[in-house]
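S.K.: One structure, as structure tokens, below. Some questions next.
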Amino acid sequence: MNRNPFIIPWAVCAALLCFAAAPRAETPLLIEGKKTLHQRVVSHPGAVLHSAPDARAGLASDKVKTFTVFYVYARQGERIQVGVSDRRADGWLDAAKTTAWNQSLTMLFTDRMGRRPVLFFKDHDSLEKLCLDDKLEEKVLQYEKVLQSGRIPPAFPVTAQEPSEAAVAEKNFYLLPVLNVDNAFGESAKLLEIASIDPGDGGNDESASPPADKDLRTGFVFVIDTTISMKPYIDQTLKLVQSIYDELEKNPHGDKIAFAVMAFRSNTDLTPALEYTTRLISDFKTYKQRAELENALAQVKEAGVSSHAYAEDSFAGIKDAADKLSWQNYASRIMLLITDAGPLREGDKTSRTGMAPSVMAEYLKRSNIYLTVAHIKTPRGIKDHSPAERAYRELARQADNQTSYIALDASTPQKGVAAFEAVGRRLAQGYNALVTATAEGKLLAAPLRTSPQKKLSPEEEARRIAESTGYAIQLRFLGNRQGSRAPGVVRAWVADADLAKLARDPQAQPVIAIQPAVLVTKTQLSQLRAQLKAIFESARQSFLKDESQNFFQNILSAAAQMTRDPQAFAQAPGKNLAQSGVLGEFLDGLPYKSRIMNLKEDDWYQMSTGEQKNILNHLEALIKFYEECDRDNTHWEGFGSPHRDEWVYRIPLSMLP
């Protein structure tokens, strides 16, 4: 069995480029075989700093915050000399009160859209044995039953599990640092050795956090394309809202669901007569304030002129709906996009956001907003159907590998309007049922996975989407209300996929249960963005000047200009960007593929112009994403530190170049 550890340091995430450190009198220990990567550890609850390695030494500090990440300066006996910075040591920790963590990679639990809770195994062999068992699914269910009973046999192979009837509370920041990885099962599942560190009270002051809501409330926003040809759907949205409000008035919990409307068109610099790119029609209104929303929606008209292109700026409408509506009162956050055109995408200078579908999806995910796309396929837009569908499917991909994209047959306006009415009504009813069940103390049943081969009607798709996202939303809400925590174990082995689902259908795409993310500080994110901009600009110039043969050399030159060691970036034929030093040692051994790091010079030459442009568009979209992360005020974790540049942010690995 090949178990390859991979190492990604906390500090080196600051950049795509390796920087030579200035000489210092005291420096941390390097990882064996590395030139720039230092040894790191994470402190456990109860850790204290001693003034010396001697067992009789006094305390340097009795207040070491749980989850503090230290550089390692020396090792002596049962203690290690550590420092929070790479400039000086602060004292000595008992080695037993630390976990070695020479990386900044952590794992995050994915949305529970019907997947089983993650099981934490005591050792690798127990998990591997389960994966090879002919009765894998049956064994998983048996293990869960034993854990829920609380009567754990001495030789039981599972040490803990993810909370079963609630998600981990968002205020309870947790770490799942990766210590080892086994790729023996290929694309089906990765086996990971992790620590599960729950900082508990070592995090930010919880008294500053708002208390969890007692009642689950749903905010449902219609993001509507109001360009030419959309009048029937604007009118139908008003009728749909009116009829749903009528139903909610009869429901004792009806005031716990509210509706809002955001309209969008396209670039007004090119077409001023469009009047707006986005416009907030109404913030959230319950049935008790229905007149305000209905009157505002009744005034909405379709544009009087055509946009500069068939695609519209739907991403601007989505982003403004995420940023400008009063979501703070709603734990259940739903967005329904209604459009007959594809989005203005990354690389298009007329796009206001410059975001790619995957980047916009991550932006919504970070705000716990669940998007459904109702794509109206009219005969007029037939040339746009395929690219629009690809973009919207990527945008609406769910954690269970399905998508909340719904194509509406609008071969006639009557068919399109009827399909939209059925989809909108089914979604609203599904989320209303979520609110009612939660208010009455009822747990929703885990949704059954629909075979990708089964063709569903738009209304059936809407029902499936409401059931899967509703289940995930309820678990998230209950976890926040109950303060559910991640299991606290020092070391354990987990599978990154839902093994029960894999056993049921070995040929299906695995349902990921935990996904990788990288922790970066404010300073590191700023540096990463600046360095990526330098690389992007050098690559873009070679592309615009039709000097593709200079692409690699320009990137290496940009790297050399930003480091004290220009010789480190000499061009080497046959090497990819990571091997050339541009992406640094921190990506060595990474078990997840990077879009950029494996790129070789010959690969670039063999690409079509369109493929090369896609690479540049991807880099530009990531820069936009980092800018949004920097502006985000809700997802930086400070762990009590008053210095904002030391706060950390979890960037999904898929959002790194």
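S.K.: Quick one: residue 401 ticks every box in (1) polar (S, T, N, Q); (2) in contact with a Phe, Trp or Tyr (Cβ under 9 Å, 6 or more places away or on another chain); (3) under 20 Å from residue 162 (Cβ atoms) except a single one, so which number is it?
M.R.: Among (1) polar (S, T, N, Q); (2) in contact with a Phe, Trp or Tyr (Cβ under 9 Å, 6 or more places away or on another chain); (3) under 20 Å from residue 162 (Cβ atoms), residue 401 violates only (2).
S.K.: Out of the strands (runs of 3 or more DSSP E) lying entirely within the stretch 210-328, which hold 1 or more residues that are touching a residue at least 60 places away in the same chain (Cβ under 8 Å) and loosely packed, with under 15 Cβ neighbours inside 10 Å?
M.R.: none
Quick grid of which residues meet (1) at pLDDT 75 or above; (2) among the aliphatic types (A, V, I, L, M); (3) within 27 Å of residue 633 (Cβ to Cβ); (4) crowded, with 17+ Cβ neighbours inside 10 Å:
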| position | (1), (2), (3), (4) |
| --- | --- |
| 516 | yes, no, yes, yes |
| 525 | yes, yes, yes, yes |
| 531 | no, no, yes, yes |
| 553 | no, no, no, no |
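S.K.: Just give me the residues in the stretch 500-511 being over 13 Å from residue 186 (Cβ atoms) and in contact with a strand residue (DSSP E or B) (Cβ under 8 Å, 6 or more places away or on another chain), in sequence order.
M.R.: 511
S.K.: Exactly one condition in (1) crowded, with 17+ Cβ neighbours inside 10 Å; (2) touching a residue at least 12 places away in the same chain (Cβ under 8 Å) is not met by residue 394; state its number.
M.R.: (1)
S.K.: Determine whether residue 116 is buried (at least 21 other Cβ atoms within 10 Å of the Cβ), touching a residue at least 40 places away in the same chain (Cβ under 8 Å) and not in a strand (DSSP E or B).
M.R.: Yes.
S.K.: Sticking with this one: If we keep just the residues of the stretch 161-188 that are of a type in the set (Asp, Glu) and under 24 Å from residue 485 (Cα atoms), which is modelled with the highest pLDDT?
M.R.: Only one residue tops the list, namely 162.
S.K.: When you check residue 333 against the structure, is it part of a loop (DSSP other than H, G, I, E, B), buried (at least 17 other Cβ atoms within 10 Å of the Cβ) and basic (Lys, Arg), yes or no?
M.R.: For residue 333, the condition - part of a loop (DSSP other than H, G, I, E, B), buried (at least 17 other Cβ atoms within 10 Å of the Cβ) and basic (Lys, Arg) - is not met.
S.K.: Condition (residue is of a type in the set (S, T, N, Q) and at pLDDT 95 or above) applied to the stretch 248-263: is it met by at least one residue?
M.R.: no
S.K.: Still on this structure, please answer the following. Among the residues of the stretch 329-369 satisfying the criterion of being of a type in the set (Ser, Thr, Tyr) and closer than 18 Å to residue 475 by Cα, which is farthest from the chain's Cα centre (by Cα)?
M.R.: So the residue we want is 330.
S.K.: A follow-up question, please. Name the one entry in 434, 408, 448 that is more than 14 Å from residue 372 (Cα to Cα) and in contact with a Gly (Cβ under 6 Å, 6 or more places away or on another chain).
M.R.: The match here is 434.
S.K.: Next up: If you go through the stretch 374-386 one residue at a time, do you hit one that is among the hydrophobic types (A, V, I, L, M, F, W, C), without any contact (Cβ under 8 Å) to a residue 60 or more places away in the chain, over 27 Å from residue 467 (Cα atoms) and buried (at least 19 other Cβ atoms within 10 Å of the Cβ)?
M.R.: no
S.K.: Give the number of residues within the stretch 68-108 that are in a strand (DSSP E or B), under 23 Å from the mean Cα position of the chain (by Cα) and not β-branched (Val, Ile, Thr).
M.R.: Residues in the stretch 68-108 being in a strand (DSSP E or B), under 23 Å from the mean Cα position of the chain (by Cα) and not β-branched (Val, Ile, Thr): 3 in total.
S.K.: Check residue 121 against each of (1) surrounded by 20 or more Cβ atoms within 10 Å (Cβ to Cβ); (2) under 15 Å from residue 176 (Cα atoms); (3) in contact with a Leu (Cβ under 8 Å, 6 or more places away or on another chain); (4) modelled with pLDDT under 90 and name the one condition it does not meet.
M.R.: (4)
S.K.: Every residue in the stretch 397-420 that is surrounded by fewer than 18 Cβ atoms within 10 Å (Cβ to Cβ), out of contact with any strand residue (DSSP E or B) (no Cβ under 6 Å at 6 or more places or on another chain) and over 30 Å from residue 497 (Cα atoms), please.
M.R.: Residues satisfying the conditions are 409, 411, 412, 413, 414, 418.
S.K.: Sort through 415, 442 and tell me the only one that's under 29 Å from residue 309 (Cβ atoms) and not β-branched (Val, Ile, Thr).
M.R.: Sole residue among the options that is under 29 Å from residue 309 (Cβ atoms) and not β-branched (Val, Ile, Thr): 415.
S.K.: Being of a type outside the set (Phe, Trp, Tyr) and either free of Cβ contacts under 8 Å to residues at least 12 places away in the same chain or assigned to a strand (DSSP E or B) (or both) is true for just one of 134, 111. Which residue is that?
M.R.: 134
S.K.: Of the conditions (1) surrounded by fewer than 22 Cβ atoms within 10 Å (Cβ to Cβ); (2) at pLDDT 85 or above; (3) not assigned by TED's automatic domain parsing to the domain that holds residue 299, residue 203 clears all except one; give me its number.
M.R.: If we test residue 203 against (1) surrounded by fewer than 22 Cβ atoms within 10 Å (Cβ to Cβ); (2) at pLDDT 85 or above; (3) not assigned by TED's automatic domain parsing to the domain that holds residue 299, just (2) comes out false.
S.K.: Looking for something surrounded by fewer than 23 Cβ atoms within 10 Å (Cβ to Cβ), under 20 Å from residue 654 (Cβ atoms) and not charged (D, E, K, R) - is there at least one such residue anywhere in the stretch 500-510?
M.R.: There is at least one residue in the stretch 500-510 that is surrounded by fewer than 23 Cβ atoms within 10 Å (Cβ to Cβ), under 20 Å from residue 654 (Cβ atoms) and not charged (D, E, K, R).
S.K.: So if I check each of 472, 399, which one is closer than 24 Å to residue 119 by Cβ, at pLDDT below 90 and within 25 Å of the chain's Cα centre (by Cα)?
M.R.: Selected residue: 399, the only one of 472, 399 that is closer than 24 Å to residue 119 by Cβ, at pLDDT below 90 and within 25 Å of the chain's Cα centre (by Cα).
S.K.: If you go through the stretch 523-534 one residue at a time, do you hit one that is in a loop (DSSP other than H, G, I, E, B), more than 30 Å from residue 222 (Cα to Cα) and without any contact (Cβ under 8 Å) to a residue 60 or more places away in the chain?
M.R.: No, there is no match, as no residue in the stretch 523-534 is in a loop (DSSP other than H, G, I, E, B), more than 30 Å from residue 222 (Cα to Cα) and without any contact (Cβ under 8 Å) to a residue 60 or more places away in the chain.
S.K.: Name the residue that is surrounded by the most Cβ atoms within 10 Å (Cβ to Cβ), counting only residues in the stretch 34-54 that are touching a Pro at 6+ places or on another chain (Cβ under 9 Å) and polar (S, T, N, Q).
M.R.: 39
S.K.: Related question: Take the conditions modelled with pLDDT under 95 and hydroxyl-bearing (Ser, Thr, Tyr) and apply them to residue 266. Does it pass?
M.R.: no
The values are calculated or read from the model by the stated rules, or taken from the named source; none is laboratory data. All values reported here derive from a predicted model rather than from experimental measurement. Don't worry about glycine lacking a Cβ; one is built from the backbone with ideal geometry, like all the others, and counts go over all protein chains shown.
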